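The values are calculated or read from the model by the stated rules, or taken from the named source; none is laboratory data. A quick note: this is a predicted structure, and the numbers were derived from the prediction, not measured. Cβ atoms come from the backbone with ideal geometry, glycine included; neighbour counts cover every protein chain shown.
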Amino acid sequence: MSEPTVDAVTLRCRFCKAKNRVPVSRALEDLNKVRCGSCGSGLLRVNGEPLTDLKDEDFSHPWDAAALDKLKAIPMADTVINKLLGSTLDKLTHFNLMAGAVRIGPEQAPRLWKLYLAAAGRIGVDPPPLFLLQDPRPNAFAMGAGSPQVGVTSGLLEIADDPCILGVLGHELTHVRLGHVTYRTLVWLLLTGALKILDLFGLAALVIKPIQIALYRWYQMSELSADRGELLTTGSLETFVRTHMILSGGGGRWLPEMNVAAFIDQAHEAEALRDNDIILWVMELLSSNQRTHPLPVWRVHHGLKWAQTPAFFEILAGTAPEGLLEA
Ligand SMILES: [Zn+2]
Ligand SMILES: [Zn+2]
C-alpha cells in the first residue's frame, strides 16, 4: 500500500500565491525549472534551503513505520537494546572510529564537512560526529544506540561526485532523524556474526528466528524511508538514480558509458521480480554480501514512485497542507 502516483499536481506559489498546474513527469526532468506562471519564482525548494516544516510522517515510508512499530512492540526489545547494549555499544563504536578513521570537521576535509552540514540543515538533523574510513567499497552508515555516529568510506568519495555524496549523507541523516539507528545496528551485529556481544548482555533471546526475520524485513523497509530523505536532500531525481547506479556497479571512468534511463527500466523490472515470500526477503538480504545498503537497484523503483506522489511535491513546495490542491 504505497501512496498513489499522479500525472499532475496543483501547487500554490509561495511568493505570489498563484495556483500552478504542474505535469509531474516533465517536472521530474529538472525540478529546478518548475516555475510560477505568474511571478516566475521557483515553485519548489530545491536549492538547499532547510525544509523547516518537514515532519517525519511526511516522508517515512508506510512499510517502514508499520514494521518499526511491530519491532518496538516486542517485549523489552527497546529497553534492553537501549539500556544494556546502548551506552557500551556507543562507546565501542566511538572508540573504534576515533582510533581507526579520520574525524571530519571544519579543519579536516572541509568540503566533505560542508556537504554534511548542508544535508543536516536541509532535513533538520543535529549532525552526529562524521568519520571517513579507508575502504575501497563505496559505503556509508549510521551506527550506535542512543548516540549515533556517521561514517563514509574512501571508496564512496572516489567514485561519487559532490551531489551524490550530499544525497548519501542525507540518506544516513534520515536514518538518524527517523530513529532507525539502534535497530539497524542490531541487524548489523546479527549479520556480521557479532552474536557473542549479544550473549554477553543476555540478549540471546532477541536472536530467535522470528525476531531476526522481522528485523531483516524492517531493515529493508527503513531503506525506503532513507531514500526519500536522500531525494529530498538533493532535490534531484537524476542525482538519486545516478547515485544508486554507481552504488550498484560502475561509476568513475565508466560513468560516461552508463545509461540512467536503462537503469530505471532495470529497477522497475527488479520490482516485478520481487516475491513477497519472507524467505526470499531474508535470502536477498543475506545474499547481498552483508552490504549495509542492500538492493540499491530495487530501491530506485520505490524512490521514483514516491517522486510521482503529491506528498513529494507538497514537501518541496513548502506550502503543506493547504497549499497543495487536489490533483
Ligand atoms: Zn508566483
Ligand atoms: Zn540506508
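Tabulated results
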| read-out | value |
| --- | --- |
| Test set (1) within 18 Å of GLU172 (Cβ to Cβ); (2) more than 12 Å from the chain's Cα centre (by Cα) - LEU215 fails condition number | (1) |
| Tabulated pairs, the stretch 156-183, first on the phi > 0 side of the Ramachandran plot, second away from ligand 2 (no atom under 12 Å from the Cβ), C-beta under 8 angstrom, 6+ apart or interchain | GLY179/LEU68 |
| Residue within the stretch 134-153 that is in contact with a strand residue (DSSP E or B) (Cβ under 9 Å, 6 or more places away or on another chain), more than 15 Å from ligand 2 (Cβ to nearest atom) and modelled with pLDDT of 95 or more present | yes |
| Filter pass, LEU166 being modelled with pLDDT of 90 or more and farther than 21 Å from TRP63 by Cα | yes |
| Output for the stretch 6-29, where each listed residue is among the acidic types (Asp, Glu) and not in a helix (DSSP H, G or I) | ASP7 |
| Qualifying residue in the stretch 121-141 (condition: free of Cβ contacts under 8 Å to residues at least 24 places away in the same chain and surrounded by 17 or more Cβ atoms within 10 Å (Cβ to Cβ)) | no |
| Helices (runs of 4 or more DSSP H) fully within the stretch 136-196 counting 1 or more residues that are more than 16 Å from ligand 1 (Cβ to nearest atom) and touching a Ser or Thr at 6+ places or on another chain (Cβ under 6 Å) | 162-177 |
| Selection count, the stretch 1-30, where residues are within 16 Å of ligand 1 (Cβ to nearest atom) and surrounded by 12 or more Cβ atoms within 10 Å (Cβ to Cβ) | 14 |
